[in-house]
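Below: the structure, in structure tokens.
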Amino acid sequence: MASSKFEGMMDSFVVGIIGMGDMGKMYARRLSDAGWRVNACDREEKYQSLCEEFAERKRIKIFPNGHLVSRASDYIIYNVEAASIDKVASQYGPSTKQGAIVGGQTSCKAPEIAAFEIHLPGDVEIVSCHSLHGPNVDPRGQPLASHSFVLIQHRASQESFDKIEHVLSCLGSTHVYLSATKHDRITADTQAVTHAAFLSMGKAWHANAQFPWEIARYVGGIENVKINLTLRIYSQKWHVYAGLAILNPYAKEQIRQYAQSVTDLYKLMLGGHREELKTRIKKAGASVFGTQNGDQELLLQDEVLDRFSLGNKPSTPLPNNHLSLLAMVDCWSQLGIVPYDHMICSTPLFRLWLGVTEYLFRKPALLDDVIRIAIEDNTFRSDDLEFTFAARGWSDCVTFGDFEGYKDRFLSTQKFFEPRFPDATRVGNEMMKTILQNTKK
Ligand SMILES: NC(=O)C1=CN([C@@H]2O[C@H](COP(=O)(O)OP(=O)(O)OC[C@H]3O[C@@H](n4cnc5c(N)ncnc54)[C@H](OP(=O)(O)O)[C@@H]3O)[C@@H](O)[C@H]2O)C=CC1
Ligand SMILES: O=C(O)C(=O)Cc1ccc(O)cc1
């Protein structure tokens, strides 16, 4: 976009941010660093503390509430919990400045767009967005795997859309243009089901009172990725994961199929049905990875995987049947999903998750060994049983739209792992950085 078209825009255009949590603050800082003026608010009771926190930033003006932000801003971004979007838009939407543009940052677009359509005056345009990464990453820090940023031109002229794209280009991410519906379809495949897998691992370890890095089976290679990413998710806010799974109209089916794949494969393992298990897994692998020929570079390389451990690698690691990974590929295959098609709209977590599944499925000797272990080795049947229960439990929560159940399940396991978060965050950040620098987009 030729920037001359927008010359002088900074003098008159003001961005509004409603919801100054992690994402709202990140946006406010980045926009003001780039020279934009920002009006921002959170709940009224946080007015004073926000004024103090942002006192040094002359371009950021804190207001007591969203009415005052809405009436004085040209592009207003709602950065609130996904489950609150209807309520918050109903409060402040009618106060939107005439002719302004409104967008949201929630992780699931169906409820957000519905709320805007209901509560915004007709003269207000709608351009929504979604940064496909958490608040603590620097999108410019990882050029090879730069982060995606979805822009949705829902109800806006091309001119208005171009303006918003220009303003938000200071975030430094790769722009992806989607409709709200396409966005929700893709993020159900990439984010929601990926989180379901890691949430289930955490729940199973918790149920067995295990810190997995203290157990020989769980140290080294692929296990490091599983452990670090699981702890990363549990160290974040529950509402982010609950919102994007429960409110996304497409996520239920994906998460249900993941739980079904876990259950089916576990039963085959339990019953010792070697040939059936092998056929199912190989077929799933062919449908997901079949088009990737053997010479293509793996997303993840051996030497990187072993570097990031929370524990010491034992001299003889115990084998693992990788039920969580086998089920992921089976789930993609059952739903006809080709995960590589979604790389343009992927999160760092999804890229790593795809990386470890690919690592397993594109090493035939490793996969054969995993299938053999799945049938012959009974040592970890109870772990796998807990994992199966966990996957089913998350799926039920999402299917029933049970926010309270989700919250309880999440917080109890968060509490279990909490003492280890500082270490996990340190090691996990290093791992993400190194691995993502070594992955192709
Ligand atoms: N965290 C992440 O990794 C990402 C999150 N997102 C999405 O972005 C949105 C924000 O997430 P995040 O910043 O992490 O969440 P936070 O919980 O940190 O921030 C949301 C903020 O909105 C505030 N809020 C709620 N109601 C109002 C209101 N009526 N007026 C003003 N402020 C209000 C909340 O206050 P209170 O806490 O008191 O309710 C909170 O401070 C979510 O929809 C999330 O799904 C998108 C990409 C990444
Ligand atoms: O990478 C992930 O999936 C994360 O967990 C971070 C995240 C959470 C919510 C979003 O809407 C976008 C990114």
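The values are calculated or read from the model by the stated rules, or taken from the named source; none is laboratory data. The structure presented is a predicted model; accordingly, all values stated were derived computationally and were not measured. Neighbour counts are summed over all protein chains in view; Cβ atoms, including those assigned to glycine, are modelled from backbone coordinates with ideal geometry.
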In region 67-82, residues that are more than 9 Å from ligand 1 (Cβ to nearest atom) and either among the aliphatic types (A, V, I, L, M) or assigned to a strand (DSSP E or B) (or both) total 5
Per the filter on region 164-191, residues closer than 22 Å to Ala28 by Cβ and part of a helix (DSSP H, G or I) are Ile164, Glu165, His166, Val167, Leu168, Ser169, Cys170, Leu171
Subset of region 30-66, residues small (Gly, Ala, Ser) and either in a helix (DSSP H, G or I) or in contact with a helix residue (DSSP H, G or I) (Cβ under 7 Å, 6 or more places away or on another chain) (or both), comes to Ser32, Ala34, Gly35, Ala40, Ser49, Gly66
Regarding region 339-348, can at least one residue be identified that is within 16 Å of ligand 1 (Cβ to nearest atom) and in a helix (DSSP H, G or I)? yes
Lys87 fails exactly one of (1) free of Cβ contacts under 8 Å to residues at least 40 places away in the same chain; (2) away from ligand 1 (no atom under 11 Å from the Cβ), namely (2)
Exercise. Scan region 203-214 and give yes if some residue there is in a helix (DSSP H, G or I), more than 22 Å from Val80 (Cβ to Cβ), among the charged types (D, E, K, R) and modelled with pLDDT under 95, otherwise no.
Key: yes
Scanning region 17-31 residue by residue, those out of contact with any Phe, Trp or Tyr (no Cβ under 8 Å at 6 or more places or on another chain) and either within 16 Å of ligand 2 (Cβ to nearest atom) or touching a residue at least 40 places away in the same chain (Cβ under 8 Å) (or both) turn out to be Met20, Gly21, Asp22, Met23, Gly24, Lys25, Met26, Tyr27, Arg30, Leu31
Of the residues in region 13-29, those that are of a type outside the set (Ser, Thr, Tyr) and part of a helix (DSSP H, G or I) come to Asp22, Met23, Gly24, Lys25, Met26, Ala28, Arg29
Checking Gly243, Gly202 in turn, the sole residue that is touching a residue at least 40 places away in the same chain (Cβ under 8 Å), away from ligand 1 (no atom under 16 Å from the Cβ) and either under 19 Å from Asn320 (Cβ atoms) or surrounded by 20 or more Cβ atoms within 10 Å (Cβ to Cβ) (or both) turns out to be Gly202
| said: Being over 27 Å from Pro111 (Cβ atoms), more than 16 Å from ligand 2 (Cβ to nearest atom) and touching a residue at least 40 places away in the same chain (Cβ under 8 Å) is the requirement here; does Ala34 meet it? | reply: yes
Every listed condition ((1) more than 16 Å from ligand 2 (Cβ to nearest atom); (2) closer than 19 Å to Val167 by Cβ) holds for Ile62 save (2)
Within region 1-57, of all residues that are more than 15 Å from Ile77 (Cβ to Cβ) and near ligand 1 (Cβ under 9 Å from one of its atoms), the one nearest to the chain's Cα centre (by Cα) is Arg43
With criteria (1) under 24 Å from Asn228 (Cβ atoms); (2) out of contact with any strand residue (DSSP E or B) (no Cβ under 9 Å at 6 or more places or on another chain), Thr347 comes up short on (2)
The condition from (1) at pLDDT 90 or above; (2) assigned to a helix (DSSP H, G or I) that Gly401 misses is numbered (2)
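Name the residue, out of Gly104, Gly122, that is surrounded by 20 or more Cβ atoms within 10 Å (Cβ to Cβ) and without any contact (Cβ under 8 Å) to a residue 40 or more places away in the chain.
The match here is Gly104.
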